[in-house]
Amino acid sequence: MDLSQLEADPAGDLDHDRWRHDEQGGSDRGALQLDHLSPEVARLVVARLVSKDFGAWTEALARVGNCVRPVRLRGTSERVDAATGEVLSSFSSADHPLGVVHVRCGDRRASECPSCSRLYAADMFHLIRAGVTGGKTVPETVADHPLLFATLTAPSFGRVHTSGRCHPGDSARRCPHGRPVHCGVVHAEGVEGPRSAGLLGQPLCADCYDYASHVVWQWFAPDLWRRFTIALHRSLAHHLGVPASGLAEVATVQYAKVAEFQRRGAVHFHALIRLDGPRTPGGISDPPEGVTAELLAGLVTEAASTVQLHVPGVDDADVPRRLVFGRQLDVRVVRSHRPDDDQALTAAQVAGYLAKYSTKSATDDVATTSAHLRRLQTTIADLDLRAQVASLSDSSSPYRLLGHWGRMLGFRGHFATKSRRYSVTLGQLRRARQRAQARIAASRATGTPLDLASLEADLLADEEETTLVVGRWCYLGSGWADDGETALPTAAAARAREYAQERARSRRR
Ligand SMILES: [Zn+2]
Ligand SMILES: [Zn+2]
Ligand SMILES: [Zn+2]
């Protein structure tokens, strides 16, 4: 079947500027892979392909960029001149051949919607990169600010199989449960048995592994991070010779961070940490003299390795704990230009890395089929029950909602966060994209070329709108009509992804 008229998602790879058209040739309009479909779904696909409104449907599909679970709306919108009340244009779902309007689901998780998650990752990439190099309303002088890429991990809760040579040592030594405390092999993909890479992140002895402490640590990880930022704030103030309460008049620290699950099911944080000048109403100011990136790295290392949080046990039978970050702390300087020393990272490297991780969900990263992760989940259920019982007599238990976060292995933080002044916002990028689409449509309709030079600044400007959009919409549901309709955008998104990867490879060559 020829599906070449279906436009694949042109989002491209992360490094691609979405508002500029592809000058490098090539095509993302190849054939779609549909041969893995079940006979039933294949029948539905064919029915859709030969349907009378197929053209209208592919238009709807293109408009949501192959979103696999779009929101369906019915209603009308009117653009009204704010000053005169004149209706400039109107739009109704009833005018559309399908009788409904589809809107992207906007899910950031690749496991939920490949297309929307790629768009989210592209926006994250731009947001993060703008915070490193400037651009998109962020002043270019940020490129000269001290900037670090730090990874903060969880401490050890017991030995797990690791990559490289795994815990070499005396294979005769046993733990109290009679299991070896050393492994000594190099775990590899495609191997069965004790050398299997499937063992990576699994404990050498599940009975020695401190599951309760792992869960409690994860539960408080967002608080521990917050403590770390406070500690950094204090030590920076100390270094600059100002009281912590007066630091904002001299310097501020901005963050963009993502949380990622390690194989052992513990989150770690990757963060960009940037030093700015005093808080000003106008935005981002130059950092104080005398704080280099290396000095900031020293302060970050000190804050991360000394910060601690004392938390109560889940009930009287449990122990209070002192939570800290793991010793595997990695703090690297980021340069806005190509670094001479290969330990330093470039802006594009970190932005790409953070953007990629921001679209992952817990279940994408860690196979919840592993015995270790299942045991983490049963530990959560068990601790939750104990906390429920304990909260009957003391309702202030900080563990009350633990049971709701089993699927996230007890991590209740956000997977991608940034401080307010780090960069442009996702909302600004979304509004800019909507404006861009409106302009491209207008330029096609009227035949006037787009003025690319002024376009970006214009699109991102937070101008007062002189027109109002008045809409009356009702939500009909989400998703396409059936599995056949869903199969097409799924295949198209996969095709677009392959194309983007191929193009990224050819650019590197
Ligand atoms: Zn979607
Ligand atoms: Zn091992
Ligand atoms: Zn043991």
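Here are some notes:
- Gly135 long-range amide H proximity, modeled H, under 5 Å: Glu140
- Amide H contacts of Asp330: Thr151, each under 5 Å away and 5 or more positions distant or on a separate chain (H built 1.01 Å from N in the peptide plane; Pro and chain starts excluded).
- In order along region 479-490, the Karplus-derived 3J(HN,Hα) couplings, from 6.51 cos²θ - 1.76 cosθ + 1.60 at θ = phi - 60°, round to x, 7, 5, 7, 5, x, 5, 6, 4, 5, x, 4 Hz, and Gly and Pro are given as x.
- Taking a Cβ cut-off of under 12 Å around Trp405, the surrounding Lys, Arg, Asp and Glu residues balance to a net charge of +2, with basic ones at +1 and acidic ones at -1.
- Cα-based reach from Lys356 at 18 Å (exclusive), listing lysines while leaving out same-chain residues under 8 positions away: Lys257, Lys418
- FRET efficiency for the pair Ser156 and Leu476, taken as 1/(1 + (r/R0)^6) with r the Cβ-Cβ distance and R0 = 51 Å, rounds to 0.50.
- Accessible area of Glu260 in the full protein assembly, 1.4 Å probe (Å², nearest 10): 20 Å²
- Each residue of region 35-45 was assigned a 3J(HN,Hα) from its phi angle through the Karplus curve 6.51 cos²θ - 1.76 cosθ + 1.60 (θ = phi - 60°); the sequence is 7, 8, 6, 6, x, 5, 5, 4, 5, 5, 4 Hz, with glycine and proline shown as x.
- Summing +1 for each Lys or Arg and -1 for each Asp or Glu among the other residues whose beta-carbon sits under 14 angstrom from that of Val250 gives -2.
- Per-residue SASA remark: Thr153, around 10 Å² accessible (1.4 Å probe; ligands, DNA and RNA not included).
- Shape category assigned to region 61-129 from the gyration tensor of Cα positions, a/c cut at 1.5: oblate
- Taking every protein chain into account, the 1.4 Å probe leaves Tyr255 with about 30 Å² of accessible area, to the nearest ten.
- Averaged over its residues, region 161-207 has an accessible area of 59 Å² per residue, based on protein heavy atoms and a 1.4 Å probe.
- In this label model, Ser506 and Arg407 are separated by 4.0 nm, measuring between points 7 Å along each Cα→Cβ vector.
- Taken along the Cα-to-beta-carbon direction at a fixed 7 Å, the label points for Asp207 and Leu329 span 3.6 nm.
- Rough spin-label spacing in nm, given labels placed 7 Å along Cα→Cβ, for His239 and Gln33: 4.8 nm
- When Glu189, Glu112, Glu485 are compared by accessible area of protein heavy atoms, the largest-first order is Glu189, Glu112, Glu485, using a 1.4 Å probe.
- Distant-in-sequence amide H partners of Leu323 (H built 1.01 Å from N, under 5 Å): Leu309, His310, Val311
- Computed extension gain for Arg433 through Thr301, at 0.36 nm per residue and net of the alpha carbon distance, reaches 43.6 nm.
- Solvent-accessible area per residue, Å², over region 59-125 with all protein chains present [probe radius 1.4 Å]: 44 Å²
- Chain lengthening between Val181 and Arg279 when straightened (0.36 nm per residue, less Cα-Cα): 30.1 nm
- Relative to the current alpha-carbon distance between Val87 and Ser395, full extension at 0.36 nm per residue lengthens the span by 105.3 nm.
- When the Cα gyration tensor is reduced to axis lengths a ≥ b ≥ c, the ratio a/c is 1.5 or higher for region 161-207, and with a/b above b/c it is classed as prolate.
- Carbon and sulfur %, accessible surface of region 161-207 computed with the full protein complex present, 1.4 Å: 52 percent
The values are calculated or read from the model by the stated rules, or taken from the named source; none is laboratory data. No experiment lies behind these values; they were computed from the predicted model shown. Every residue, glycine among them, receives a Cβ derived from its backbone with ideal geometry; neighbour counts consider all protein chains shown. Just so you know, the surface numbers come from the protein's heavy atoms only, side chains and all, with ligands and any DNA or RNA stripped out. Shrake-Rupley method; radii C 1.70, N 1.55, O 1.52, S 1.80 Å.
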